[in-house]
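Written below as structure tokens is the structure these notes are about.
The values are calculated or read from the model by the stated rules, or taken from the named source; none is laboratory data. The shown structure was predicted, so the numbers you read here are calculated from the model rather than taken from an experiment. As a convention, Cβ positions derive from the backbone with ideal geometry for all residues, glycine included, and neighbour counts pool all protein chains shown. Please note that ligands, DNA and RNA were not included when accessible areas were found on the heavy atoms of the full protein model with its side chains. Shrake-Rupley method; radii C 1.70, N 1.55, O 1.52, S 1.80 Å.
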Amino acid sequence: MASPAAPVPVRAVEVPPVVRGGGGAAPTQCTVMVEREVRERFVHYQTLAKAQTGREPTNAVVVRRAFLAAKRQDQWAQLQERVRSRRQPLSEEDYDPDGLFGDVPARRVERGGVRNSTQQSFRPSEQELRVYDAYAAAHGFANRSDFLDAVLDAFLPALPGGRRAGR
């Protein structure tokens, strides 16, 4: 079977402070790329919450809940591995027990592969964005989209009909 990738070294999480009077609590528009199934599960989660509580959580609240759940469970290494294996899935013929070739994260593994992604917008505060970006950088994620896609994927419930959550 394929050998697991070396864990990404974790840097200390340093969240830049909000400048007083700089609007750190003011919402700002943000769009990230997520897998289509994650987007469908996002909407499903909001619909379920509305049916249960009578109120539908905003997009920013769903992202925040997902982040806080990942933080409470310290899922960063699992989420990083999920992103890595999605980008570069390994099969038996790729097995390199000596680690001669290492990981090449930017390499496509499928000919003409099109990423199955779509946009997800939300309105976080500047402080929330700083926290998301600081955690993404500290835990070795390439960008905010990869980070929040993995966080949401781990958090959101499965769709009706048996599609699994948290692959």
Original post:
What are the residue pairs meeting all of these: first residue in the range 22-44, first residue over 16 Å from THR58 (Cα atoms) and charged (D, E, K, R), second residue modelled with pLDDT under 90 and not in a helix (DSSP H, G or I), Cβ atoms under 6 Å, and 6 or more apart or on different chains?
Top reply: GLU35/ASN116; GLU35/SER117; ARG36/ASN116
**OP:** Could you grab me the full set of residues in the range 23-62 that are open to solvent by less than 20 Å² (accessible area, probe 1.4 Å) and closer than 24 Å to ALA142 by Cβ?
**Re:** CYS30, VAL32, VAL34, VAL38, ARG41, PHE42, ALA60, VAL62
Original post:
Being modelled with pLDDT of 95 or more, in contact with a helix residue (DSSP H, G or I) (Cβ under 9 Å, 6 or more places away or on another chain) and under 13 Å from SER121 (Cα atoms), is that true of even one residue in the range 45-58?
Top reply: yes
Subject >> Near pairs, Cβ below 6 angstrom, 6+ apart or cross-chain, from the range 54-81 (under 15 Å from ARG39 (Cα atoms)) to any residue that is small (Gly, Ala, Ser) and part of a helix (DSSP H, G or I) >> reply: PRO57/ALA49
Original post:
Can you name the number of the only condition in (1) open to solvent by 80 Å² or more (accessible area, probe 1.4 Å); (2) at pLDDT 75 or above; (3) out of contact with any Lys or Arg (no Cβ under 8 Å at 6 or more places or on another chain) that ASN116 fails?
Top reply: (3)
**OP:** Out of GLY161, GLY166, report the one residue that is over 30 Å from ALA26 (Cβ atoms), at pLDDT below 85, of a type outside the set (Asp, Glu) and open to solvent by less than 60 Å² (accessible area, probe 1.4 Å).
**Re:** GLY166
Original post:
What is the residue count in the range 33-71 for residues that are more than 18 Å from ALA150 (Cβ to Cβ) and outside any helix (DSSP H, G or I)?
Top reply: 5
Original post:
Which one is nearest to the chain's Cα centre (by Cα), of the residues in the range 119-130 that are surrounded by 18 or more Cβ atoms within 10 Å (Cβ to Cβ) and not acidic (Asp, Glu)?
Top reply: GLN120
